[in-house]
Amino acid sequence: MSEVTKRAAGLAALALDRVLPSRNSERVGVLMYHRTAPTTSVDANDQLNVPPGQFRAHLLGLQELGYNFIGIDQLINWLNGTTELPDNSVHVTFDDGYACTAQFAAPILQELDIPATVFVNTAFTGDSDAFPFDPNRSRYGDAGVDPVNYRPMSSNELHGLIADSTITIGAHSHSHSNFVEHPEDFDEDIMLNTKILREDYGLESIPFAFPYGVVRLGYAGGELSRRISVLNVTCAFSTEPELIDRSDDRYCLGRFSAYPFDTPRTLAAKLNGWLGWISGARQLLNRG
Ligand SMILES: [Zn+2]
């Protein structure tokens, strides 16, 4: 989706949210962040960076709107049917393992006592360069951007997050490869990813998020969900903008992207189910 389409869908969801009742009494929403860096990148259209002040405003605004932030264990226990959750439950996640998650997001989460999960690509831990899949990788150096804004987290930063009781670390593949083109590489890559997290960082139960994560393009669901289901992770998240229902495949759980142009109100509209409703309606309309 283009930024314009994403904004338009968010605003349409907001309009529906204002006139119709909440749709999430039996379902749970998960938010997905990437970078939370103070320097808004070299790319003015960068949708993956939500600066720390704005990230904090998202969380505080959602709390004011009546949202309850839950931890991943509560979410999994709810999926298992062993616990109930308060209405308007939401879980916060971060992908890739950026230094700025450790340096800027984690202190905010700690201050507000909000749990979160950080999905880490272990191949890049400690690198001083940007991630190889970062489209602006070659531009930061010339622009003189402080590396803390774009580099992967260091091993020490990862250890620091593990020691932080509000944070759970998850797997996001070792190499962040395109496993649609090479599904045969998936198992070995994930086993290396989780082995490093277990043996070098002492993790036990590990949730997972698919890199790229779009179900209709094969990055999650289907064959990759079947593969991850036997690789000893507790659950797996896609990037499909859908609320989680107890009957969902726990190896293909939806999440909503949080963008820099989102407000607590547009996030609430997504978490109330209206974004999924709009894309479902659009697919129906497009079918004819
Ligand atoms: Zn990723």
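Just so it is clear, none of the values below were taken in a lab; they were calculated from the coordinates. Here the structure is a predicted model, which means the values were calculated and not measured. Don't worry about glycine lacking a Cβ; one is built from the backbone with ideal geometry, like all the others, and counts go over all protein chains shown.
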Item checked: Net dipole in debye of the stretch 28-262 [+1 Lys, Arg Cβ; -1 Asp, Glu Cβ; about Cα centre; nearest 20] -> 120 debye
Next item on the list: Just order 147-154, 222-229 by mean Cβ neighbour count inside 10 Å, highest at the front, would you?
Entry: 147-154, 222-229
Checklist line | Calculated FRET value between LEU65 and ARG246, using beta carbons and R₀ = 22 Å, to 0.05 | finding: 0.40
Next item on the list: With a cut-off of 13 Å, note down the residues of the stretch 168-188 whose backbone N falls inside the zone around a label point 7 Å from the Cα of ARG137 toward its beta carbon.
Entry: 175-178
Next item on the list: Estimate the FRET efficiency between ASP187 and ALA57 by the formula 1/(1 + (r/R0)^6), using the beta-carbon distance for r and 41 Å for R0, to the nearest 0.05.
Entry: 0.50
Checklist line | Distance (nanometres) between label positions extended 7 Å along Cα→Cβ at ASP146 and THR5 | finding: 3.7 nm
